[in-house]
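All of the numbers you see were taken from the coordinates with simple rules; none came from a lab. Bear in mind that the values here come from a model prediction, so they are computed numbers and not experimental data. FYI the Cβ positions are ideal-geometry reconstructions off the backbone, even for glycines, and counts take in every protein chain you see.
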Ligand SMILES: Nc1ncnc2c1ncn2[C@@H]1O[C@H](COP(=O)(O)OP(=O)(O)OP(=O)(O)O)[C@@H](O)[C@H]1O
């Protein structure tokens, strides 16, 4: 059984169908990267897995337990953590305080070590660079087992991107990752499996090779990106 199993998930907003029967699975230890055009439903999928939105129908099973109707804080406590595009760090608290407040399964020091935060542990949230804020958010996510990471590279400069890839590789050795990534090359580099979402549906889930060689996905989505 996969660590995460999403079955026939549907979520509407008024007349808009954001998720239209999404079924996918994530194996323990894998990195899955979600790609898809704007409005495909990527963030809504994260929201429905993590209890920020309730789906209209369908199920989400994490580690054998049905979490579909659980609230965000319950899902987080069970070990499903996420980061947001808009990085969430308390400005008035130091790095160490932010981490002590948010971590309840792992020693804060261990989380800070993972993301090289010990040297800046006394810096307050308000004076952190974006890259540092992202590392604080990632270290808090690393307190869980399944990490849902939304556009971790956005806003980083070219020198910071390889460092972020290193951090993700470190996390991937111990955790199960799901990433939303707009840059297709980066997505294919990082992924054990790629999930292609389009108009609320899964066009395919498979290894980067399998996705690149899928004629339907080529035609409907990847074609114009000239892979
Ligand atoms: N809270 C909301 N209220 C109304 N419509 C919403 C809401 N959240 C998402 N939607 C709609 O659901 C659809 C899917 O949106 P979603 O943000 O999940 O897509 P996405 O793939 O994450 O897009 P992007 O790549 O632009 O972030 C879109 O049509 C969006 O306008």
The chain, Gaussian network, Cα under 10 Å: of 113, 150, 192, the residue fluctuating most is 113
For residue 220 and residue 56, extending 7 Å from Cα along the Cα-Cβ vector and measuring point to point gives, in nm, a value of 1.9 nm
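Going by the alpha-carbon gyration tensor, a ≥ b ≥ c the square roots of its eigenvalues, is segment 86-125 rounded (a/c under 1.5) or, if a/c is not under 1.5, prolate (a/b greater than b/c) versus oblate? It would help to have the intermediate numbers written out before the result.
Details: a/c = 1.69, a/b = 1.25, b/c = 1.35.
In terms of gyration-tensor shape, oblate.
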Give me the one-decimal nm value for the distance between modelled label points at residue 159 and residue 213, 7 Å along each residue's Cα-to-Cβ direction.
4.1 nm
For the chain, percent of DSSP beta bridges that are antiparallel (nearest 5) comes out at 55 percent
List the equivalent ellipsoid semi-axes of the chain in whole Å, largest first, each obtained as the square root of 5λ for an eigenvalue λ of the Cα gyration tensor.
29, 21, 16
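As an exercise, use a Förster radius of 25 Å and the Cβ-Cβ distance of residue 74 and residue 109 to find the FRET efficiency, rounded to the nearest 0.05. Spell out each step's value before the answer.
Values: r = 26 Å, r/R0 = 1.06.
So, using R0 = 25 Å, E works out to roughly 0.40.
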Per-residue [θ]222 nm for the chain (sum of -39500 (n - 2.57) over DSSP H runs n ≥ 4, rounded to 500)
-8500 deg cm²/dmol
Among rounded, prolate and oblate, which fits segment 13-66 when a ≥ b ≥ c are the square roots of the eigenvalues of its C-alpha gyration tensor, a/c under 1.5 means rounded, and a/b larger than b/c means prolate?
oblate
Taking only C-alpha pairs under 8 Å that are 6+ residues apart, what is the relative contact order of the chain in percent?
27 percent
